[in-house]
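Below is one structure, written out as structure tokens; the observations come after it.
The values are calculated or read from the model by the stated rules, or taken from the named source; none is laboratory data. Bear in mind that the values here come from a model prediction, so they are computed numbers and not experimental data. Don't worry about glycine lacking a Cβ; one is built from the backbone with ideal geometry, like all the others, and counts go over all protein chains shown.
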Amino acid sequence: MGSVKISNMLVWVKNNMVLGRQDYQGRHEFIAYGWYGQHKWYGDRKQTTVLEYNKPLKSELHPTQKPIELIEGCLNNSSLLKHVILDIFGGSGSTLIACEKLDRKCYMMEIDPHYCDVIIKRWEDFTGEKAVKCNGN
């Protein structure tokens, strides 16, 4: 059986800083890049660990919402149609929407019930489908 391998920390450089209480205001976030089992790369060799995508100007859904295009770029480099994608910090569901657009299967976790509802509504709005709740039994 394979194991999870974290290969790189990617850096998302945003077009605007995020105001906070720090001395230095952040303009980037780290993204853990890795895989489970066998590894294959589908992108070209010009990709770098620095990803420059505009940050949403304002997000009513989640305070740290990621642009779908950022996730699509990463998924196109590291997966094919029908591949399984894992996001253990669901947030606003950007990975789920990117997976829908690119025909990937998304497994997602989110600890906050409010953001679980945000993710479900966002998916329903995007697909036009109704989510079905499963008990897991």
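For the stretch 120-130, does any single residue satisfy the condition of being part of a loop (DSSP other than H, G, I, E, B), over 30 Å from M17 (Cβ atoms) and modelled with pLDDT under 95?
Within the stretch 120-130, the first condition is being part of a loop (DSSP other than H, G, I, E, B), and the residues that meet it are 128-130.
Imposing the further condition that a residue be over 30 Å from M17 (Cβ atoms) reduces the set to 128-130.
Next, only the ones that are modelled with pLDDT under 95 stay: none.
No, that holds for no residue.
Check every one of the strands (runs of 3 or more DSSP E) wholly within the stretch 4-97 and list those with 3 or more residues that are surrounded by 11 or more Cβ atoms within 10 Å (Cβ to Cβ) and under 15 Å from the mean Cα position of the chain (by Cα). Please lay out each step first, then the result.
Values: elements: 4-18, 26-36, 50-52, 84-87.
Per the criteria, 4-18, 26-36, 84-87.
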- Here the residues within the stretch 110-127 that are closer than 21 Å to K82 by Cβ and exposed (fewer than 14 other Cβ atoms within 10 Å of the Cβ) are T127
- Before we move on, is R122 among the charged types (D, E, K, R), touching a residue at least 40 places away in the same chain (Cβ under 8 Å) and more than 17 Å from S7 (Cβ to Cβ)? yes
- Message: Quick check on my filter: what residues within the stretch 33-56 are of a type outside the set (D, E, K, R), farther than 16 Å from N8 by Cβ and in contact with a strand residue (DSSP E or B) (Cβ under 8 Å, 6 or more places away or on another chain)?
- Response: Y53, N54
